[in-house]
Amino acid sequence: MGRNVLITGGTRGIGGAIARHLKTAGYTVAANFRGNDSAAADFHGATGIPVFRWDVADFAACEEGVQQVTQALGGPIEVLVNNAGVTRDATLPKMTVAQWREVINTDLTSCFNLCHAIVPSMRERGFGRIVNIASINGQKGQFGQANYAAAKAGILGFTKALALENAAKGITVNAIAPGYIATDMVAAVSKEILDRIIAQIPVGRLGQADEIARIAGFLVSDDSAFITGSTISANGGQYMI
């Protein structure tokens, strides 16, 4: 069996695509989810990948969840993909404290929670791969998404700091910043707004979740051992830095 992998938010969208891709590549994969039981059951039935329900914004739940995954996979987690994320859009004057906190805690604090639980064992073994899923909107900002943009920008800084702390221990930490990908989250956008978004993408289309999954597959492989602290932008040319 391949290396043990945990993917948060791993039963749908980009997370689900990464889980399927890594399983096909020979990894032993577990997927976390928070609330959609029927989608998680369908995913498990279709892929055979074990699923584990807990809220990644909860520090104690992450510690317990990591223990459950480690026991179920028969060994420590060697690859972590921090993918879980939500949006709660509103302009700042209309944004509630609850909307701010839910996005920050789910999208950013979750990365701390999971890494805090997993990185020590990676350091002990002298190997680890961490991939954090950021966003184009964490790079350029987005109207009505002060919470989401802040969380995703925070992931980029978190990625660089964690990479520096752990490079000498054989652990790489990288981020992927997808643009607009054809997932349920993007499908919820009105057609009028979506058409305007696509018009701003030089390649003229939305990205596919499988395209992000292949990037993640490279970053967790041995081929990427000299890449750490990096952000790979996959946005069809919409934003170039």
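Among the strands (runs of 3 or more DSSP E) confined to region 1-79, the ones with at least 3 residues that are modelled with pLDDT of 95 or more and crowded, with 17+ Cβ neighbours inside 10 Å are located at 4-7, 28-33. For beta carbons closer than 7 Å, sequence separation of 6+ or different chains, a first residue in region 76-98 that is farther than 30 Å from Arg123 by Cβ and in contact (Cβ under 8 Å) with a residue 12 or more places away in the chain and a second that is surrounded by fewer than 16 Cβ atoms within 10 Å (Cβ to Cβ) and among the hydrophobic types (A, V, I, L, M, F, W, C), the qualifying pairs are Thr87/Met185. Would you confirm whether or not region 28-36 contains a residue that is in contact (Cβ under 8 Å) with a residue 40 or more places away in the chain and farther than 18 Å from Ile130 by Cα? So far as region 28-36 goes, yes, one or more of its residues are in contact (Cβ under 8 Å) with a residue 40 or more places away in the chain and farther than 18 Å from Ile130 by Cα. If you go through region 1-60 and keep only what is more than 16 Å from Ala84 (Cα to Cα) and small (Gly, Ala, Ser), you end up with Gly2, Ala25, Gly26, Ser38, Ala41, Gly45, Ala46, Gly48, Ala60.
Scanning region 154-169 for residues that are over 24 Å from Val103 (Cβ atoms) and surrounded by fewer than 17 Cβ atoms within 10 Å (Cβ to Cβ) turns up Leu164, Glu165, Ala167, Ala168, Lys169. Those helices (runs of 4 or more DSSP H) of region 178-241 in which 2 or more residues are touching a residue at least 60 places away in the same chain (Cβ under 8 Å) occupy 184-187, 209-219.
Yes/no per residue for (1) out of contact with any Gly (no Cβ under 8 Å at 6 or more places or on another chain); (2) part of a strand (DSSP E or B); (3) under 21 Å from Gly236 (Cβ atoms); (4) at pLDDT 95 or above:
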position: Ala84; (1), (2), (3), (4): no, no, no, yes
position: Arg123; (1), (2), (3), (4): yes, no, no, yes
position: Ala149; (1), (2), (3), (4): no, no, yes, yes
position: Lys152; (1), (2), (3), (4): no, no, yes, yes
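Scanning region 169-199 for residues that are modelled with pLDDT under 90, among the small types (Gly, Ala, Ser) and under 22 Å from the mean Cα position of the chain (by Cα) yields a count of 2.
Residue by residue through region 209-219, note down the ones that are within 18 Å of Gly13 (Cβ to Cβ) and either among the acidic types (Asp, Glu) or touching a helix residue (DSSP H, G or I) at 6+ places or on another chain (Cβ under 8 Å) (or both). Selection gives Ala209, Asp210, Glu211, Ile212, Ala213, Arg214, Ala216, Gly217. For the condition part of a helix (DSSP H, G or I) and either among the polar types (S, T, N, Q) or modelled with pLDDT of 95 or more (or both), Asn166 qualifies. For Arg101, indicate whether it is without any contact (Cβ under 8 Å) to a residue 24 or more places away in the chain and either more than 26 Å from Thr228 (Cβ to Cβ) or out of contact with any Pro (no Cβ under 8 Å at 6 or more places or on another chain) (or both). Taking the combined requirement at face value, the residue satisfies it. Would you check if Tyr239 is modelled with pLDDT of 95 or more, touching a strand residue (DSSP E or B) at 6+ places or on another chain (Cβ under 8 Å) and aromatic (Phe, Trp, Tyr)? Yes; evaluated as a whole, the condition is true for this residue. When you look at Ala150, is it among the small types (Gly, Ala, Ser), under 27 Å from Gly26 (Cβ atoms) and touching a residue at least 24 places away in the same chain (Cβ under 8 Å), yes or no? Here the answer is no, as Ala150 does not meet what is asked. Please go through region 85-122 and give me each residue that is under 19 Å from Glu63 (Cα atoms) and among the acidic types (Asp, Glu), ordered by number. Once the filter is applied, which keeps residues that are under 19 Å from Glu63 (Cα atoms) and among the acidic types (Asp, Glu), region 85-122 yields only Asp107. Let me spell it out: the conditions are (1) exposed (fewer than 14 other Cβ atoms within 10 Å of the Cβ); (2) under 19 Å from Thr183 (Cβ atoms); (3) hydrophobic (A, V, I, L, M, F, W, C), and Ile241 meets all of them except one. Which number is the exception? It fails just one condition, (2).
The values are calculated or read from the model by the stated rules, or taken from the named source; none is laboratory data. Since this is a predicted model, take the numbers as computed values, not measurements. For neighbour counting, all protein chains shown are included, and Cβ atoms are generated from backbone atoms with ideal geometry for every residue, glycine included.
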